[in-house]
There are 2 protein chains.
Amino acid sequence: MITLADPIAHARRCFGDRIAVIDGERVMDYAELGERCDRLAAGLVTLGVRPGDRVALLSANGHRYLEAFTALPASGVVLVPLNTRLAANELAHIVQHSGARVLITDRDPGELASLVDHVIVIPDEYEQLVGAALPQAADTGGTSVSPEDVAAIFYTGGTTGLPKGVMLTHGNLVANAFNKIIACSLSEDDVFLAAPAMFHVAGIAPLTGLTWLGGRTITTPMFDAAVCLDLIAEHRVTFFLPVPTMLASLVAEQRSRPRDVSSLRLLGHAGSPIAAELIRQAHEVFPDSELAQFYGATETSSVVTRLRHEQSTLGSDLAGSCGQPAVGVAVRTVRPDGADCDPGEVGEVLARSNAVTIGYWDDAAATADALRDGWYRTGDLGYLNERNYLFVVDRAKDMIVSGGENVYSVEVEDALYRHPAVAEAAVFGVPDATWGEAVHAMVVPHPGTTVTGEELRTHCRQSIAGYKVPKVIEISTEPLPKSGPGKILKRVLRDRYLGH
Amino acid sequence: MITLADPIAHARRCFGDRIAVIDGERVMDYAELGERCDRLAAGLVTLGVRPGDRVALLSANGHRYLEAFTALPASGVVLVPLNTRLAANELAHIVQHSGARVLITDRDPGELASLVDHVIVIPDEYEQLVGAALPQAADTGGTSVSPEDVAAIFYTGGTTGLPKGVMLTHGNLVANAFNKIIACSLSEDDVFLAAPAMFHVAGIAPLTGLTWLGGRTITTPMFDAAVCLDLIAEHRVTFFLPVPTMLASLVAEQRSRPRDVSSLRLLGHAGSPIAAELIRQAHEVFPDSELAQFYGATETSSVVTRLRHEQSTLGSDLAGSCGQPAVGVAVRTVRPDGADCDPGEVGEVLARSNAVTIGYWDDAAATADALRDGWYRTGDLGYLNERNYLFVVDRAKDMIVSGGENVYSVEVEDALYRHPAVAEAAVFGVPDATWGEAVHAMVVPHPGTTVTGEELRTHCRQSIAGYKVPKVIEISTEPLPKSGPGKILKRVLRDRYLGH
């Protein structure tokens, strides 16, 4: 049976001299990557780490992230990637909850050091470990992992509730690699830009398929539009998967200083709904790239649906869809009683595939709530049309009920984004004595432009029903707060508004 | 978890109006295919067929083959495809051994009728069953199948030993679909010509991936080079996977009457080793096609290794290789004691993947012999080079030991094929008082050409060692006997020679 030990074994045997990863000046082929993975795994054994143990990783993107993601699961160790944007107390909660014995980090571990047996600081201590003489093969374990074993625990949250540890098994991540290779038509010729955070499954999981195929990954410590465009031009990047807020920055940066982006065959986006206007602009600025949308969740190892050639859907009845289920994934929408929705009827989106999590680490209640008869309940609201295209209308809790009418905030945000002055927009419900909830908006204008809330309300009234138009539109010159993958944190905005 | 119920469910929901299969004048979209599969499954339920029961299918290629392969596993029933070239007593053995309760056939069932509860004759009785009113949904079962359930039993043999029933589970055939989509770069734009026998896993298994993607299959009752070339031109076929003997006929036919074969992007071949000369000729005659070799076995659900762009390997150190392991498959070569061979060292070829059989139906001894620690022992002899390219030198039993030297018959056949007069060649060992075994050859010249054994021996001496040159080369004007997939039946030739 196939596990995450297979892709790197395949790569080093079949094409050891192909370049695996470029991280700044560091260029590494698959033979060296495989060798370093062996040494990292062996080094952890010398620290007492055994199969099934958890090792946490708190680091910016880089070649060592790929090494840890490759070496640890292949040797039976469970990787726990940590979101670098979390506060110290949140990180401490995750390290404790996961029971991690070792922390690998590129920063001062602070209080976290007291929660683990060993801290390995990047780069010095890490390189020391990897540089140590490789012990006898017998000592490194020769571990046999099985598809049912947990390979990694990705803690999610930030937009809603407390972090939960999503357990992804070898079988899950292998299935996801296949689904992703097919959904993105990946090949050995692909050059992937790993700019979105690798601590998210969507940022790291594509690397499994690329390793298997012999593709190449370019890393950059964190997303920066100018740096990304430079890297695309320099390394002839073919495949990039930013979130919509990143895409907006890329469009602005490419407009102000155009680079040669002709190598980019697939410009995907994922992580949150996207405004049609942004797709239009991206297509204008990246005319050689196919635009594609991917919809998924950490619990599904990422891809659930995909909308290829998204630019061709603009103005069609598919505009606003996140596409059809990927090959290998099934999707349903259900009513509150669990019955299937009719086409066009909004319900909760469920997904089933071999890449769906087996549950949350040490949280049977959350697992039981999220998984039903093999289906993962996404918590998103959406509908399927007659041809099985999914339209996600909102996170369940982002639906605003105002005056007995349902208002989906994405629709209002889309209207706001169509105004030329709007750079960022967030819409949420606030308590209202008359309407139950009132639609409330926060807007950040593009630098150098000014706009008033009243002008935007007038603008919105031209395209959406009166009850959907925000009662109040606050104008802010500060960027809106965002989670790691760039989702606007509406909960934070709502809490601020309510004075929590 | 994903099973064979998923691809057709996906196809009918996502692209019901796309053409699934064209069988002569019959054109069927995925909506109709799905509907007919529902009706076929429901009809079998009315005959008392229950999940886990076996249903045998004895038929030429056609749309109903795809229907049975789709409907039966999806409803939990186990399909037993029968090789139409077998003798009556061999068929009876398989029907009895599998315990099939129903036989679906397009021919007179003869004695087989007495071995099953029901015979469904194609087309009339089959269409009557499918045309019956669909019972209430509750009556059709709503069966839930699991990845571990057996989906089909493919009986193999013919070239060696008695037929054994290879059990392929839903998980096996789903994994194989993914492996094949990636190995062949399949997409929704592909048009597949199902001319090789659909009763072999290599002939039917590609249809799972095509269904998932929304590709199209063209069926023809049996292989005929002229008919195939006409179909390629008429339907703009993109993907065709004949065995080498078929490829030789296609080359000859296309030379004598060229068709427009420009649509054919991938011309693969599989099933037996191929002579370099044939690759050269095929590349000349099909200049727009990529040539690719696939190596596998029924026990691996087909693909193990693949050599893409095979024409580019001619004259290189990769000539004669069947390529690197496909994504999702691992390959080893081992010594008789089970230790790994060094690069270049010949040993038995082992394969591991999620598509490898769980074993032989009702044959624990054969299962134990074939499967070891998750690895399938192919029985083939070969070596892996430094870059993990596999070179299969022979079936273990096709190796001839003559005067203490090992002679691999494929090497001798390759030499024979390089002579312009040779259409078919088979080389095998015969008992010899002096040498232990002597190398013996059977050759069929191209129509209208003549050649003598002595001329061919002189020709062979130019390219291979003296001890490898056949002691006797028999010239025959009759085609050599072949198994279903077109493998030359050397066992039959050897038995004939020995007067068995």
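Compute the Cα gyration tensor for the protein assembly as shown, then decide on rounded, prolate or oblate, letting a ≥ b ≥ c be the square roots of its eigenvalues: rounded whenever a/c is under 1.5, prolate when a/b is larger than b/c in the other cases, and oblate in all that remain. Since a/c reaches 1.5 and a/b is larger than b/c, the shape of the protein assembly as shown is classed as prolate.
Quick one: net charge around residue A:166, please, counting Lys, Arg +1 and Asp, Glu -1 for every other residue with C-beta under 14 Å from its C-beta.
-1
Relative to the longest principal axis of the Cα atoms of chain A, helix A:30-46 runs at roughly 80 degrees.
Using C-alpha pairs below 8 Å separated by at least 6 residues, the relative contact order for chain B is 11 percent.
Scalar couplings 3J(HN,Hα) for region A:222-227, obtained by applying the Karplus form with A = 6.51, B = -1.76, C = 1.60 to θ = phi - 60°, are 7, 5, 8, 4, 5, 4 Hz; x denotes Gly and Pro. Based on Cα contacts under 8 Å between residues 6+ apart, region A:403-498 shows a relative contact order of 28 percent. Note on residue A:25 and residue A:255: the extension gain reaches 80.0 nm, defined as 0.36 nm multiplied by sequence separation minus the Cα-Cα distance. Per residue of peptide A:322-331, the mean number of Cβ atoms on other chains within 10 Å of the residue Cβ is 5. Projecting label points 7 angstrom from Cα along Cα→Cβ for residue A:236 and residue B:89 puts them 6.4 nm apart. Per-residue Karplus couplings for region B:449-461, computed as 6.51 cos²θ - 1.76 cosθ + 1.60 with θ equal to phi - 60°, are listed in order as 10, 10, 7, 9, x, 5, 4, 5, 5, 4, 4, 5, 4 Hz, Gly and Pro entered as x. Sorted shortest first, the distances from the residue B:369 label point to those of the same residue in the other copies are 5.7 nm; each point sits 7 Å from Cα along Cα-to-Cβ. Excluding residue B:366 itself, what net charge comes from residues whose Cβ is under 13 Å from its Cβ, given Lys and Arg +1 and Asp and Glu -1? Charge balance in the 13 Å sphere: -1. Taking label points 7 Å from Cα along the Cα-to-Cβ direction, residue B:477 and residue A:312 give a separation of 5.6 nm. Where both bridge residues fall in region B:403-498, DSSP classifies roughly 75% of the beta bridges as antiparallel. The label-point distance for residue A:132 and residue B:222, in a model that sets each label 7 Å from Cα toward Cβ, rounds to 6.8 nm.
From the Cα gyration tensor of region A:5-384, with a ≥ b ≥ c the square roots of its eigenvalues, which class applies: rounded if a/c is under 1.5, or else prolate if a/b is larger than b/c, or else oblate? Oblate, since a/c reaches 1.5 and b/c is not below a/b. Annotation: amide H-H contacts under 5 Å for residue A:438 (H modelled 1.01 Å from N, sequence separation of 5 or more, or interchain): A:430, A:432. Relative to one another, the C-alpha centroids of region B:186-242 and region B:427-452 are positioned 35 Å apart.
Nearest to the axis that brings chain A onto chain B is this chain A residue, judged by its Cβ, with the distance in whole Å: A:178, 2.
Does region B:1-82 come out rounded, prolate or oblate, given a ≥ b ≥ c as the square roots of the eigenvalues of its C-alpha gyration tensor, rounded meaning a/c under 1.5 and, failing that, prolate meaning a/b above b/c? Taking the square roots of the gyration eigenvalues as a ≥ b ≥ c, region B:1-82 is oblate. Counting only DSSP beta bridges whose two residues both lie in the protein assembly as shown, roughly 60 percent are antiparallel.
Here the Kirkwood formula puts the hydrodynamic radius of region A:273-323 at 11.4 Å, using every distinct Cα pair.
FRET efficiency for the residue A:47 to residue A:148 pair, using the beta carbon distance and R₀ = 25 Å, is estimated at 0.45. When both bridge partners sit in chain B, DSSP labels roughly 60% of those beta bridges antiparallel.
Ranked by the mean number of other Cβ atoms within 10 Å of their residues, highest first, the peptides A:92-105, B:175-188, A:363-376 fall in the order B:175-188, A:92-105, A:363-376. Sorted shortest first, the separations between the residue B:17 label point and its copies elsewhere in the assembly read 5.2 nm; each point sits 7 Å from Cα along the Cα-to-Cβ line. What separates the residue B:284 label point from its copies, with the point 7 Å along Cα to Cβ, is 5.6 nm, written shortest first.
Computed from the coordinates by the stated procedures, all read-outs in this text should not be read as laboratory data. The model shown is predicted, which means the values in this text are computed figures rather than measured ones. Positions of Cβ are backbone-derived with ideal geometry, glycine not excepted, and every protein chain shown enters the neighbour counts.
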